[in-house]
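Shown next, in structure tokens, is the structure this report addresses.
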Amino acid sequence: MRKFGVALALSGLMVSSAHAQDASQVWHYWGGGAELAAVEALLAVANEQSPQTPIVGQDFPGNAIELRRQLQTALLGGTPPAAYQSSMGYELKTFADAEQLRDISALWDEFGGDRIFPVGLQRVMKVDGVPYAVPLNMHSISNIFYNKALVDELGIALPTTFEELQAACEAIEAAGKGCLANAGGPFWSLYNFYVPLIAAIGPEGYFELGSGDMSFDSDGFRAALANFRDSYANHYIDNWSGKSWPQGADDVVAGRAVFYQMGDWASGYFKDVGLTPGEDYDFFPAPGVGGAVVIQVDAIATPNGTEVSNAAADALLRAAASPAGQAAFNRHKGSVAANLETPTDIYDEIGEKTYQTMMTAEANGAVLPNLFFLLPTELGSELGVQIERFAADPSDQIMESVVSTLENLRLEAKDQNLFVTW
């Protein structure tokens with residue numbers, strides 16, 4: 001009995017210790033390189049600003065799925081971390097609907113979230129008007145990077161319309177080079193598709209689609225598919241579907257492709273392999289985007305926790321929203337700070353250009369979050385699958401199948417009241 005009692009006591013100490021450890025952790029999947037340096041720099045700012053509530057990082061390298069699995073287990077067991085790396089939009093809704101996230105309205109008001117963050121970004125940090133996460137950055141996914149030496153060698157004028165993009169691709173292909181790099185998986189073709197989609201339905205139509213109020217069988221969505229076929233899918237280089245996004249970047253580096261529409265993390269990759277921004281590579285906004293910028297976002301959310309974990313989370317969120325924390329994170333991450341008051345001297349030439357396009361878009365109310373995260377989870381995932389399917393075979397038959405599949409899922413989601421009006 002005595003030994004059993006000792007074992008129970010030790011077990012209790014272990015659980016208590018683990019819970020205390022989780023209460024001072026932020027879980028993330030920035031596992032290496034510039035991403036890990038970014039989160040470590042942010043944590044250093046948070047711990048300097050609030051040394052009485054120290055917080056440390058726990059990474060699940062490169063694996064959002066594993067982090068979510070561990071998070072669900074911790075939430076069910078009552079031992080969640082103080083905070084965790086989150087996406088925007090529907091992912092926040094899922095946890096908020098389960099009453100597993102903290103309402104951070106008081107903090108949001110304290111640091112002026114409605115003032116310092118772009119309006120389009122605010123919309124996806126909130127659920128039913130309640131903020132649940134602090135955005136760290138904005139990665140543009142609507143810019144086209146290009147190999148400057150090849151553009152100069154081939155005498156290609158940078159396109160500003162879809163017609164000019166198609167003409168440039170035809171000239172590049174006639175010269176024996178590939179026009180557009182791409183990569184396989186449910187995201188990269190989808191990111192490219194957003195530009196023809198915005199050209200067809202505009203920023204408000206984009207939000208209407210994300211809120212379930214626009215049909216996938218609409219004239220606008222069909223026009224976007226047709227334009228995507230003509231401007232993108234017909235000009236992807238051979239064998240793109242078997243490649244990762246860095247391998248797509250390698251095609252640009254090696255001169256196998258001239259253009260590559262990819263998130264601006266590609267700039268970090270180009271620099272890592274020895275290219276100089278502005279000299280060896282550059283970017284232009286994708287034709288037809290009309291001054292809008294589509295963004296991918298990293299954010300920090302905080303589960304319902306204890307007094308100790310909540311205090312640590314509050315300190316982290318204050319730092320994450322501050323110009324100092326945003327500068328520390330984005331200087332390494334290579335993205336644009338979500339807080340528009342962050343000093344711009346953290347950016348290289350590519351970052352400065354990206355920042356300026358963001359500011360222009362914000363002035364026009366056209367900073368648009370990744371559509372994938374506006375949609376109910378099953379529909380968002382299927383949209384990525386179907387657009388990649390169409391990119392691989394942009395035939396009329398596949399187009400009809402894409403429209404039918406997505407519209408049926410939209411109607412099912414409407415019947416189940418799954419959409420959010422962002």
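The values are calculated or read from the model by the stated rules, or taken from the named source; none is laboratory data. Quantities reported herein were computed from a predicted structural model and do not represent experimental measurements. Glycine gets a Cβ as well: all are built from the backbone with ideal geometry, and neighbour counts include every protein chain shown.
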Is one or more of the residues making up segment 306-321 among the acidic types (Asp, Glu), part of a helix (DSSP H, G or I) and either out of contact with any strand residue (DSSP E or B) (no Cβ under 8 Å at 6 or more places or on another chain) or in contact (Cβ under 8 Å) with a residue 12 or more places away in the chain (or both)? yes
Got at least one residue in segment 142-149 being modelled with pLDDT of 95 or more and either over 30 Å from ARG256 (Cα atoms) or surrounded by fewer than 18 Cβ atoms within 10 Å (Cβ to Cβ) (or both)? yes
Sole residue being touching a Ser or Thr at 6+ places or on another chain (Cβ under 6 Å) and touching a residue at least 12 places away in the same chain (Cβ under 8 Å), chosen from ALA83, ALA96: ALA83
From GLY112, GLY77, GLY129, residue being under 19 Å from PHE207 (Cβ atoms) and without any contact (Cβ under 8 Å) to a residue 60 or more places away in the chain: GLY129
Give me the pairs: first residue in segment 229-258 and acidic (Asp, Glu), second residue not in a strand (DSSP E or B), beta-carbon distance under 6 Å, and six or more apart or on different chains, which are they? ASP251/ALA181
Expected output for segment 161-188 (first residue more than 24 Å from ASP264 (Cα to Cα), partner assigned to a strand (DSSP E or B), Cβ below 9 Å, 6+ apart or cross-chain) is GLU170/CYS179; ALA171/CYS179; GLU173/CYS179
Across segment 73-90, the tally of residues that are of a type in the set (A, V, I, L, M, F, W, C), surrounded by fewer than 24 Cβ atoms within 10 Å (Cβ to Cβ) and within 15 Å of the chain's Cα centre (by Cα) stands at 0
